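Taking it in order: structure first as structure tokens, then the write-up.
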Amino acid sequence: MLSIDLSGKRAFVAGIADDRGYGWAIAKALAEAGAYICVGVWPPMRGLFERALRSGRLDTRLPGGGELYFEKVYSMDAMYDHPADVTPEVQRQRGFENARNFTIHETAMAMKRDFGEGCMDVLVHSLANAPEVRKPLLATTRKGYLHAISASTYSLVGMVQHFAPLMRMGGSIMALSYLAAERVVPGYGGGMPSAKAALENDVRVLAYEAGREYGLRVNAISPGPLGSRAAKAIGTVDVMLDYYRKNSPLAEANTADEVGSTAAFLASNLASGITGVTLYVDKGYHCMGMLPEHVEATAP
Ligand code: NAD
């Protein structure tokens with residue numbers, strides 16, 4: 001019988017701060033399949049996250065019984081690669097005053113110190129940030145646009161550079177994209193569509209380079225909308241959810257758990273032939289050319 005078995009494997013999931021986002025659902029699915037889970041939390045969210053975890057406010061129950069348990073929680077800001085990138089100005093920002101060793105390189109070195117060489121099998125990039133995400137492109141500043149690209153796209157490149165050398169052959173890297181990479185989504189701005197388009201392209205190039213150099217696979221998952229903390233900040237997610245329910249082939253919105261199980265599949269040997277793809281988990285919304293709500297509204 002085919003089954004997803006990740007026992008003995010270790011995953012690093014970057015981009016978790018609560019139990020409402022895709023990163024959390026992915027961590028749960030990987031844990032359910034037997035993997036050890038380490039997380040990278042953005043420094044300003046770490047205190048909040050650890051308090052919520054300790055107080056039992058986060059839903060750690062695994063569907064098959066058992067609890068989601070984190071082997072180690074690290075602070076990581078994916079905007080910074082090396083300690084020299086962290087200027088005194090960065091360190092003075094709110095939420096960073098007491099944060100230390102949070103660059104991508106330092107986080108990877110901390111994992112190596114904690115678990116040794118060849119300690120990882122799965123790397124998940126489930127993060128994005130664009131300060132001007134509510135602004136249309138015509139109003140987006142250069143600074144806001146470049147911030148979106150740095151936090152949401154180059155962050156994957158930096159993570160692969162620093163974490164891939166710690167990963168065992170056959171390991172799996174994945175990043176979360178969105179349909180706005182290839183179609184216009186009004187209300188999703190600030191350079192984020194360009195960041196996702198570049199992310200999907202980098203996934204293909206990294207699939208080739210990390211495949212040849214380390215024997216790793218690199219894929220993107222492109223899910224539909226979810227009412228996560230980040231999506232709520234954009235402001236249009238409830239409208240999007242309703243729109244997907246009305247217009248997707250399966251006439252409902254995808255769940256976070258469906259994205260989690262897709263990630264578990266991509267992490268497993270069952271997906272050993274899959275690399276360089278963007279896999280939609282959106283109940284088929286991406287393939288629509290004409291929307292049913294318009295057809296139904298005009299039906300005789
Ligand atoms: P989320 O809020 O759960 O996750 C985003 C995470 O990014 C947060 O934990 C935040 O702390 C972290 N983060 C922000 N800036 C960071 C930085 N500089 N360094 C490290 N971490 C940083 O929200 P989510 O919606 O689950 O987002 C996860 C991924 O899914 C993102 O790539 C997002 O674009 C993608 N996605 C989301 C949706 C949606 O509708 N929610 C749809 C498609 C794709």
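The values are calculated or read from the model by the stated rules, or taken from the named source; none is laboratory data. None of these values were measured; they are calculated from a predicted model. Reconstructed Cβ throughout: ideal geometry from the backbone, glycine too, with neighbour counts over all protein chains shown.
Applying the set (1) free of Cβ contacts under 8 Å to residues at least 24 places away in the same chain; (2) part of a loop (DSSP other than H, G, I, E, B) to Lys135 leaves exactly one unmet item: (1).
Can you spot a residue in the range 172-181 that is surrounded by fewer than 18 Cβ atoms within 10 Å (Cβ to Cβ), at pLDDT 95 or above and not β-branched (Val, Ile, Thr)?
Filtering the range 172-181 for residues surrounded by fewer than 18 Cβ atoms within 10 Å (Cβ to Cβ) gives none.
No, because not a single residue in the range 172-181 is surrounded by fewer than 18 Cβ atoms within 10 Å (Cβ to Cβ), at pLDDT 95 or above and not β-branched (Val, Ile, Thr).
Within the range 40-59, the set of residues being in a loop (DSSP other than H, G, I, E, B) and either charged (D, E, K, R) or near the ligand (Cβ under 8 Å from one of its atoms) (or both) comprises Trp42, Arg57, Asp59.
Can you confirm whether the range 215-223 contains a residue that is within 15 Å of the ligand (Cβ to nearest atom), in contact with a His (Cβ under 6 Å, 6 or more places away or on another chain) and under 23 Å from Asp282 (Cα atoms)? So far as the range 215-223 goes, no, none of its residues is within 15 Å of the ligand (Cβ to nearest atom), in contact with a His (Cβ under 6 Å, 6 or more places away or on another chain) and under 23 Å from Asp282 (Cα atoms).
So is Val160 modelled with pLDDT under 95 and in a helix (DSSP H, G or I) or not? Please lay out each step first, then the result.
Values: modelled with pLDDT under 95: no; in a helix (DSSP H, G or I): yes.
The answer is no for Val160.
If a residue must be of a type outside the set (S, T, N, Q), outside any strand (DSSP E or B) and surrounded by fewer than 19 Cβ atoms within 10 Å (Cβ to Cβ), how many such residues does the range 60-81 contain? So that I can check it myself, show each step before the final result.
Let us first name the residues in the range 60-81 that are of a type outside the set (S, T, N, Q), namely 61-74, 76-81.
If we keep only those that are outside any strand (DSSP E or B) as well, we get 62-66, 68-69, 76-81.
This time we only want the ones that are surrounded by fewer than 19 Cβ atoms within 10 Å (Cβ to Cβ), so: 62-66, 69.
Selection size over the range 60-81: 6.
Residue count for the range 183-193 satisfying the condition of being within 13 Å of the ligand (Cβ to nearest atom), of a type outside the set (A, V, I, L, M) and surrounded by fewer than 21 Cβ atoms within 10 Å (Cβ to Cβ): 2.
For the range 224-262, a residue qualifies if it is under 22 Å from Leu123 (Cα atoms), within 12 Å of the ligand (Cβ to nearest atom) and in contact with a strand residue (DSSP E or B) (Cβ under 6 Å, 6 or more places away or on another chain), and exactly one does: Val259.
Within the set of pairs 6+ apart or on separate chains, which have a first residue in the range 183-200 that is in a loop (DSSP other than H, G, I, E, B), a second that is of a type in the set (Phe, Trp, Tyr), and C-beta atoms under 8 Å apart? Partner pairs satisfying both residue conditions: Val185/Tyr178; Tyr188/Tyr178; Gly190/Tyr145; Gly191/Tyr145. As a summary of the residue check, Leu138 satisfies the conditions (1) out of contact with any His (no Cβ under 9 Å at 6 or more places or on another chain); (2) under 30 Å from Asn201 (Cβ atoms); (3) within 14 Å of the ligand (Cβ to nearest atom); (4) at pLDDT 95 or above except for the one numbered (3). In the set (1) crowded, with 17+ Cβ neighbours inside 10 Å; (2) more than 9 Å from the ligand (Cβ to nearest atom); (3) within 18 Å of the chain's Cα centre (by Cα), the condition left unmet by Ala99 is number (3).
Confirm whether Tyr145 is aromatic (Phe, Trp, Tyr), assigned to a helix (DSSP H, G or I) and at negative phi.
Details: aromatic (Phe, Trp, Tyr): yes; assigned to a helix (DSSP H, G or I): yes; at negative phi: yes.
Yes.
Anything in the range 3-22 that is more than 7 Å from the ligand (Cβ to nearest atom) and either free of Cβ contacts under 8 Å to residues at least 24 places away in the same chain or in a strand (DSSP E or B) (or both)? List them, or say none. Answer for the range 3-22, where residues must be more than 7 Å from the ligand (Cβ to nearest atom) and either free of Cβ contacts under 8 Å to residues at least 24 places away in the same chain or in a strand (DSSP E or B) (or both): Ser3, Arg10, Ala11, Phe12, Val13. In the condition set (1) in contact with a helix residue (DSSP H, G or I) (Cβ under 6 Å, 6 or more places away or on another chain); (2) of a type in the set (Val, Ile, Thr); (3) away from the ligand (no atom under 14 Å from the Cβ), Thr87 is compliant with all but (1).
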